[in-house]
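**Q** Take a look at this one; I'll ask things after.
The values are calculated or read from the model by the stated rules, or taken from the named source; none is laboratory data. Owing to the predicted nature of the structure, the values given are computational and were not obtained by experimental measurement. Cβ placement follows ideal geometry from the backbone for every residue including glycine, while neighbour counts extend to all protein chains displayed. Accessible surface is based on the protein model in full, side chains and every heavy atom, while ligands, DNA and RNA are left aside. Shrake-Rupley method; radii C 1.70, N 1.55, O 1.52, S 1.80 Å.
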Amino acid sequence: MKMQISKQHGSAVVVQPQTTFQKESGMKRQKVAHFIHLAVALLITGFTMGWTQLAFAQASTTADLVYGQQGSFTASGTNDPNGVSASSDNGFQQAVFDSNGNLYAADTGNSRILFFPPGSTTATQVYGQLGSFTSNTQNNGGISANSLMAPYDLALDSSGNLYVADSYNNRVLFYPAGSTTATRVYGQLGSFTTNTLNKGGISANSLWLPQGVIVDSNGNLYIGDFGNNRVLFYPAGSTTATRVYGQGGSFTTNTINKGGISASSLYQPQKFAMDPSGNLYVADYGNSRVLVYPSGSTTATRVYGQLGSFTTNTRTTAESAPTAYGTHTERLWTAAAISISSTTGTIGRCSTPRAAPPRRRSTGS
């Protein structure tokens, strides 16, 4: 279950329950997770979150728990108040629940993933920092199956295996359930010790700043290859893509809006959502829109944020943003994330004027 996005309140994740959420010890964790709505507030050094809109009505406006501020609802800084710890954060970019109600959060600025048991705001497991909760070193110990550098998104499959978009390492890592050591790597031709962008050239095996991952019900993986202006589809268990979105069917190009802005083009795609029918929703960040692709198709049939047009990428102005995000929601500033309600199918879009992360080049070979 992916989180819903709310307005900025500093660097924290806040849990807000619906009135149907009962704190009964006998309730199954899966049911608890189903009723929880997460609100995330993002604050990464140099980036701030702008206006956002929720597509669901929250019954409660008072949070019960806060993640990332060591239990404080009045703190708002990064790694506050006592520095890097099992309960601090430096810019959560994504969080997901597993079927048991455990929470995984991508602590991007601290180059780590944190694992929280149900109901706890103190992490008990850390990925990317060699087991330490008090360090935030990029590629701690060197580029390896245990290191991370600005992880941007994450997803869980039906078996509890974890996929992480290790963005600045130009790769996606696969972790077996319960392990903090990756056993599969996408984007680096099988190597865990390199972070080369488009290693070996632009291909069905290369990546450049991946910023989105999602797994469908059959275990197939979709990666938002942000720097290459495309989305890649990988059959379950394979690290070679067999389908490409945004490049006219070519695995060897990375053209922005190839062939012109259309239902088949992309410009810096970020995160995803998928509905129960397998339709794919893509946050087409650079084009200020969200595209909907029918299952198996690389041509979108629905567009959000452009008044129904597939051939425009008009962006709202900062001055008009409050109106655009209030009563008039036909346009978006930049589409950065999407969520779909598990109960109503309603779509929520995170539209924000923050800049995309800089295109860092690799240090590996």
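**Q** Consider Thr74 against the criteria (1) of a type in the set (Val, Ile, Thr); (2) in contact with a strand residue (DSSP E or B) (Cβ under 9 Å, 6 or more places away or on another chain); (3) modelled with pLDDT of 70 or more: it satisfies all of them except one. Which criterion is unmet?
**A** (2)
Residue by residue, here is whether (1) open to solvent by less than 10 Å² (accessible area, probe 1.4 Å); (2) in a loop (DSSP other than H, G, I, E, B); (3) modelled with pLDDT under 95; (4) out of contact with any helix residue (DSSP H, G or I) (no Cβ under 7 Å at 6 or more places or on another chain) holds:
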position: Thr252; (1), (2), (3), (4): no, yes, no, yes
position: Thr255; (1), (2), (3), (4): no, yes, no, yes
position: Ser262; (1), (2), (3), (4): no, yes, no, yes
position: Tyr267; (1), (2), (3), (4): no, yes, no, no
position: Phe272; (1), (2), (3), (4): yes, no, yes, yes
position: Pro276; (1), (2), (3), (4): no, yes, yes, yes
position: Val282; (1), (2), (3), (4): yes, no, no, yes
position: Ser295; (1), (2), (3), (4): no, yes, no, yes
position: Thr299; (1), (2), (3), (4): no, yes, no, yes
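**Q** Okay, moving on. Out of Leu148, Leu154, Leu173, Leu130, I need the residue that is among the aliphatic types (A, V, I, L, M) and in contact with a Lys or Arg (Cβ under 7 Å, 6 or more places away or on another chain). Which one?
**A** Testing whether each residue is among the aliphatic types (A, V, I, L, M) and in contact with a Lys or Arg (Cβ under 7 Å, 6 or more places away or on another chain) leaves just Leu148.
**Q** Which of the residues spanning region 106-123 are under 18 Å from Ser135 (Cα atoms) and in contact with a helix residue (DSSP H, G or I) (Cβ under 9 Å, 6 or more places away or on another chain)?
**A** Thr108, Ser111 - these are the residues of region 106-123 that are under 18 Å from Ser135 (Cα atoms) and in contact with a helix residue (DSSP H, G or I) (Cβ under 9 Å, 6 or more places away or on another chain).
**Q** Being closer than 22 Å to Gln211 by Cα and β-branched (Val, Ile, Thr) is the filter; apply it to region 64-100 and report the residue that is least open to solvent (accessible area, probe 1.4 Å).
**A** Val96
**Q** Tell me, please, whether a residue that is under 21 Å from the mean Cα position of the chain (by Cα), of a type in the set (Ser, Thr, Tyr), crowded, with 19+ Cβ neighbours inside 10 Å and closer than 15 Å to Val164 by Cα can be found in region 222-233.
**A** yes
**Q** Give me the residue from region 160-210 that is part of a strand (DSSP E or B) and of a type in the set (Lys, Arg) and, out of that set, most open to solvent (accessible area, probe 1.4 Å).
**A** Checking each candidate, the answer is Arg184.
**Q** Also: Which of the residues belonging to region 101-120 are open to solvent by 20 Å² or more (accessible area, probe 1.4 Å) and either closer than 16 Å to Ala63 by Cβ or within 15 Å of the chain's Cα centre (by Cα) (or both)?
**A** So in region 101-120, the residues open to solvent by 20 Å² or more (accessible area, probe 1.4 Å) come out as 102, 109, 115, 117-120.
Result: Gly109, Gly119, Ser120.
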